[in-house]
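To keep things clear, I will list the structure first and then write my remarks on it.
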Amino acid sequence: MTINTCSNEIWKAWQNYSGFENRSFRFTDDMRPLLYKWLGITPDSYVLDAGCGTGVFTRYLAVDMDRGHMEGFDINPGFIEYGRKKLIELGLTNKVSLKIDDGFQLSYSDNVFDAVTNYTYIGVLSDPLAGLGEMIRVCKPGGVISCV
């Protein structure tokens, strides 16, 4: 089966970081417990945020992590670099890791995350089923896959 990966080229070139950072206004502290419940996350979970952009949603979810950890990936190196600077600025480097990765061929092993989520990622993929398949592959059996 051939995967249509043309969205990778679009997102590798995108440079509007401020548009992603403005998303932080969509989430309030009182929403976090509800999102944890709906997304199958606990403060001890190991969670992947797929197509994280600059990591706005990743950082938001990480705030209440105790022993858990958030991982985020994006195909755009600029987004990841910008997001890592924000992690340092906000003191979240112990709770969040961001890396460059291809959502159609994730470098993670099978069955490693307790939950896999994304915020608008699936909707911008040229082959959403292939992207979802990778999210399912890296989630533990019984884990939660969610699309926000």
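The values are calculated or read from the model by the stated rules, or taken from the named source; none is laboratory data. Given the structure is predicted, the values throughout are model-derived calculations rather than measurements. Reconstructed Cβ throughout: ideal geometry from the backbone, glycine too, with neighbour counts over all protein chains shown. When the accessible area is computed, the model is the full protein with side chains, heavy atoms only, and any ligands, DNA or RNA have been set aside. Shrake-Rupley method; radii C 1.70, N 1.55, O 1.52, S 1.80 Å.
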Task: Residue count, the stretch 23-34 (criterion: out of contact with any Phe, Trp or Tyr (no Cβ under 9 Å at 6 or more places or on another chain) and either β-branched (Val, Ile, Thr) or modelled with pLDDT under 70 (or both)) - done: 2
Open item on the list: Against the definition (open to solvent by 40 Å² or more (accessible area, probe 1.4 Å), over 14 Å from Val47 (Cα atoms) and aliphatic (A, V, I, L, M)), how does Val112 come out, yes or no?
Closed with: no
- [ ] Give me a count of the residues in the stretch 125-144 that are out of contact with any helix residue (DSSP H, G or I) (no Cβ under 8 Å at 6 or more places or on another chain), open to solvent by 20 Å² or more (accessible area, probe 1.4 Å) and on the phi < 0 side of the Ramachandran plot.
- [x] 8
Task: Single unsatisfied condition, Thr5 versus (1) modelled with pLDDT under 95; (2) open to solvent by 30 Å² or more (accessible area, probe 1.4 Å); (3) under 15 Å from the mean Cα position of the chain (by Cα) - done: (3)
- [ ] For Lys95, state whether it is within 14 Å of the chain's Cα centre (by Cα), over 19 Å from Ser7 (Cβ atoms) and among the basic types (Lys, Arg).
- [x] yes
Open item on the list: Checking the structure you have, find out if any residue of the stretch 97-109 is of a type outside the set (Gly, Ala, Ser), over 27 Å from Pro141 (Cβ atoms) and open to solvent by 10 Å² or more (accessible area, probe 1.4 Å).
Closed with: yes
Open item on the list: So Ile10 ticks every box in (1) modelled with pLDDT of 80 or more; (2) among the β-branched types (Val, Ile, Thr); (3) surrounded by 12 or more Cβ atoms within 10 Å (Cβ to Cβ) but one. Which box is left unticked?
Closed with: (1)
TODO: Hey, could you check the stretch 61-80 for residues that are closer than 9 Å to Lys99 by Cα and among the charged types (D, E, K, R) and say which is surrounded by the most Cβ atoms within 10 Å (Cβ to Cβ)?
DONE: Asp74
